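The values are calculated or read from the model by the stated rules, or taken from the named source; none is laboratory data. Keep in mind that what you see is a predicted model, and the values were worked out from it rather than measured. Cβ sites come from the backbone with ideal geometry, for glycine too, and all protein chains shown count toward neighbours.
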Amino acid sequence: MSPWLILAAILLPLLGGGVMLVFPMHQRAIREVWVLCVTLATSLLAELLLMHTPAETLNLLTIYSGLSFAFRVDGLSRVFLGIVAVLWPIAIVYSFEYMSHEHGESRFFAFFTMTYGVVIGIACAGNTFALYFCYELLTLCTLPLVMHEMDGKARYAGRKYILYSMTGAALAFAAMVFVYHYGELDFTFGGSLNNVEGQETLLRIAFLLGFFGFGVKAAVWPAHGWLPSASVAPTPVSALLHAVAVVNAGIFAILRITYYNFGTDLLRGSFAQWVMMGFCCFTIVYGSAMSWRMQHLKRRLAYSTVSNLSYILLGASVMTGAGLSAALLHMVAHSVFKIILFFCAGAVLCQSGREYVFELPGLGKRMPLTFAAFTVASMGLIGIPPFAGFFSKWAIAQAAVESGGVMGAVGCAALILSAFLTGLYQVMVIVPAFFPTKEQASDVRANEGYTEAGWRMKTAFVLLMLLSLAVSFGVASLSRALAACVGM
């Protein structure tokens, strides 16, 4: 398989979205056909890359010695590619119905489509320079989506997003400079540094710069603040930010610098590892506690994302093969469950205008499919067997305990406490929706006139529920596949 297929997968959605910016498609039917065709063709190219991975590296352009736009597909790339290739077309189908109630559809779908190409660029980046370039391009493509409404809240969320992202970019750039000076930018499993002796402390500090820099998009505390604010964006954007593209790009970048640049031999057992694990543990508990407090449904889910992203990073911070495999398993499981939850919140908003948890009593009987999907995804997010969320959390906890030391025990305790809080804040939505109390009778009467969303949203729910069940009941095979992807 030619490596030029990588370039085709990147450029097709970029050009497809760019055409819509230059020539706005005001007729909805034409626009939807165009977007769907571009998206399906891109996913097909991504699937071809998964099945027939090119052995060669595509070196597009060398800027300077060691600074090149190089792209290739390895095991870690295949995990990220698989997530976006499956979920993006479903998100597009859902978005067609959701955005029919909004303005600026051509602009929205143009940037939404372009973002797909940028995410594939991140997944297939062959070195830190190409990864960093695509990572920053992702900020530029998603900023108009965050600010889509262009009201006061959207502008504030956009300013916050760009400020956090620019700060993170500066820190990540500094880390990249150290990798370039003391080694190579090309990704090599085990680390690409070749001039470490006597510079261990300096390089560990440089790693932490990269961790907190890329950790902005991964919503590591205290750089998480942009994520809940960005929930003002249209729900397909929220799902894009919180489940599929942006936050997973942050996770992916941290995995790259940890396992493919600095290397676990340099980091394991050092202060750099303890700092990373400590911030992950705190973020896990903090995000869950804030979710429990939030009454706004999308903000509740946003803080849940903050917590679950650090589940993934905690697994990665163990810096063992078991930890990395567990992190990837939770990355897949969380992506599937969280996109369902956001889509359900969006359907409720479209059909009823309800945004707050206390407004939902009785609505489960009016929108049974929506809340059935919400329930399935909640069980997965909480980690109730046999859903994949249980097995991914178990694997992370097991890897943390096996690593030994105080931080491993702290990580396990953080997971248990977070799982308990997750059960509380998700059940507080589900139970009143299906079984309202007498005191909530007025809310039930207020929700009597609402019905399910249209066929496109319902199709997305059915497909995602089937996917979540396939992931859950096939978790053993999935775990082996993910371990094989990273050579474990």
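Is there any pair with a first residue in the range 329-343 that is over 18 Å from residue 483 (Cβ atoms) and a second that is among the hydrophobic types (A, V, I, L, M, F, W, C) and not in a helix (DSSP H, G or I) whose Cβ atoms are under 9 Å apart and which are 6 or more apart or on different chains, and what are they?
337/387
Being surrounded by 14 or more Cβ atoms within 10 Å (Cβ to Cβ) and on the phi > 0 side of the Ramachandran plot: is that true of residue 383 here?
Taking the combined requirement at face value, the residue satisfies it.
Residue 71 is checked against (1) surrounded by fewer than 21 Cβ atoms within 10 Å (Cβ to Cβ); (2) closer than 25 Å to residue 483 by Cβ; (3) touching a strand residue (DSSP E or B) at 6+ places or on another chain (Cβ under 6 Å) and fails just one. What number does that condition carry?
Evaluating residue 71 over (1) surrounded by fewer than 21 Cβ atoms within 10 Å (Cβ to Cβ); (2) closer than 25 Å to residue 483 by Cβ; (3) touching a strand residue (DSSP E or B) at 6+ places or on another chain (Cβ under 6 Å) leaves (1) as the failure.
In this structure, does residue 222 turn out to be buried (at least 24 other Cβ atoms within 10 Å of the Cβ) and either not basic (Lys, Arg) or not in a helix (DSSP H, G or I) (or both)?
no
Inspect the range 189-201 for any residue being among the aliphatic types (A, V, I, L, M) and part of a loop (DSSP other than H, G, I, E, B) and give the result as yes or no.
Yes.
Got a sec? Which of 33, 38 is part of a helix (DSSP H, G or I), touching a Ser or Thr at 6+ places or on another chain (Cβ under 7 Å), more than 15 Å from residue 124 (Cα to Cα) and modelled with pLDDT of 90 or more?
38
Which ones in the range 185-212 are of a type in the set (Gly, Ala, Ser), over 20 Å from residue 72 (Cβ atoms) and surrounded by fewer than 20 Cβ atoms within 10 Å (Cβ to Cβ)?
Once the filter is applied, which keeps residues that are of a type in the set (Gly, Ala, Ser), over 20 Å from residue 72 (Cβ atoms) and surrounded by fewer than 20 Cβ atoms within 10 Å (Cβ to Cβ), the range 185-212 yields only 198.
Can you report the number of residues in the range 399-451 which are of a type outside the set (A, V, I, L, M), over 30 Å from the mean Cα position of the chain (by Cα) and surrounded by 12 or more Cβ atoms within 10 Å (Cβ to Cβ)?
6
Would you point out which residue out of 230, 223 is under 26 Å from residue 90 (Cβ atoms) and either modelled with pLDDT under 90 or among the aromatic types (Phe, Trp, Tyr) (or both)?
It is 230.
So in the range 20-35, with the set limited to residues that are free of Cβ contacts under 8 Å to residues at least 60 places away in the same chain and within 26 Å of residue 81 (Cα to Cα), which one is surrounded by the fewest Cβ atoms within 10 Å (Cβ to Cβ)?
33
Among the residues of the range 353-367, how many are farther than 24 Å from residue 418 by Cα, of a type in the set (A, V, I, L, M) and not in a loop (DSSP other than H, G, I, E, B)?
Residues flagged as farther than 24 Å from residue 418 by Cα, of a type in the set (A, V, I, L, M) and not in a loop (DSSP other than H, G, I, E, B) within the range 353-367 amount to 1.
Which residue is surrounded by the most Cβ atoms within 10 Å (Cβ to Cβ), if the candidates are limited to the range 45-61 and must be modelled with pLDDT under 85 and farther than 26 Å from residue 331 by Cβ?
Of everything passing the filter in the range 45-61, 60 is surrounded by the most Cβ atoms within 10 Å (Cβ to Cβ).
What are the residues in the range 108-129 that are farther than 13 Å from residue 249 by Cβ and in contact with a strand residue (DSSP E or B) (Cβ under 9 Å, 6 or more places away or on another chain), if any?
126, 127, 128, 129, listed by residue number.
Tell me, please, whether a residue that is assigned to a loop (DSSP other than H, G, I, E, B) and among the small types (Gly, Ala, Ser) can be found in the range 368-375.
no
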